[in-house]
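All remarks here apply to the structure that follows.
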Amino acid sequence: VANLLSILRLLLATPLAVMIVAGGWSFGAIAATLFCVAIASDVADGRLARKRGTESALGRVLDHGADFVFVNSGLAAAAASGSLTWLLPALVAIAFAQYVVDSYWLHRARELRMSALGRWNGILYFAPLGGAILLELGLGFVAGPTRWVAWALVVSTLASIADRALAARHPTRKEPS
């Protein structure tokens, strides 16, 4: 059941992006609904897996992959509509690819190797996406804070990419937690 909630987020990614690009209040309302459903499914899937004892490496990959696809397609749509810089979705894609390559190929781990900064970035990527949706709902006062948060995440994503790259070059260094 937890994996089905992650799959739901994958299925919501394209409709979310279409609603953001379409713009306007009615499409923004649909995007807001999809966004809330996605957040609820993200919160519920991990709790459900832990409660039922069905946690697995595959479930974590599906959860993180669904989060990436959902958030980054929304961020790209927000960038296409002019709400955010294109740099953010581009860097999120690079950071996620690095996360997967680092975990499975460089360290030959059997599951994703999370870092503290990467985890916080992953959570906070929802904020500028939510701000972009609020802009579609006509709440123009969130434009400045949304752009500021997006640029702060550009900086923290660059830091995360650099940290992971340095950790890969220096295997004796303590691995990200």
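Could you please let me know if Leu75 is open to solvent by 40 Å² or more (accessible area, probe 1.4 Å), assigned to a helix (DSSP H, G or I) and of a type outside the set (Ser, Thr, Tyr)?
no
Name every residue in the stretch 90-105 that is at pLDDT below 90 and surrounded by fewer than 15 Cβ atoms within 10 Å (Cβ to Cβ), in order of residue number.
Val101, Trp105
Mind checking which residues of the stretch 78-112 are of a type outside the set (Gly, Ala, Ser) and not in a helix (DSSP H, G or I)?
Scanning the stretch 78-112 gives Leu84, Thr85, Trp86, His107, Arg108, Arg110, Glu111, Leu112.
So which residues in the stretch 106-123 are of a type outside the set (S, T, N, Q) and crowded, with 17+ Cβ neighbours inside 10 Å, if there are any at all?
Leu112, Arg113, Leu117, Gly118, Gly122
Report, by residue number, each residue of the stretch 113-133 that is more than 15 Å from Thr146 (Cβ to Cβ) and in a loop (DSSP other than H, G, I, E, B).
Arg113, Met114, Ser115
Write out, first by first residue and then by second, each pair whose Cβ atoms fall under 8 Å of each other, whose residues are 6+ apart or on separate chains, and whose first residue, in the stretch 61-76, is within 15 Å of Ala97 (Cα to Cα) while the second is among the β-branched types (Val, Ile, Thr) and open to solvent by less than 20 Å² (accessible area, probe 1.4 Å).
Close Cβ pairs (under 8 Å, with a partner that is among the β-branched types (Val, Ile, Thr) and open to solvent by less than 20 Å² (accessible area, probe 1.4 Å)) amount to Phe68/Val92; Val71/Val92; Asn72/Val92.
Looking at the structure I just gave you, is Gly46 outside any loop (DSSP other than H, G, I, E, B), crowded, with 16+ Cβ neighbours inside 10 Å and at pLDDT 95 or above?
Criteria not met by Gly46.
The values are calculated or read from the model by the stated rules, or taken from the named source; none is laboratory data. Worth saying up front: this structure is predicted, and the values here are computed from it rather than measured. We place every Cβ from the backbone using ideal geometry, glycine too, and count neighbours over all the protein chains shown. The area values use the complete protein model at the heavy-atom level, side chains included, leaving out ligands, DNA and RNA. Shrake-Rupley method; radii C 1.70, N 1.55, O 1.52, S 1.80 Å.
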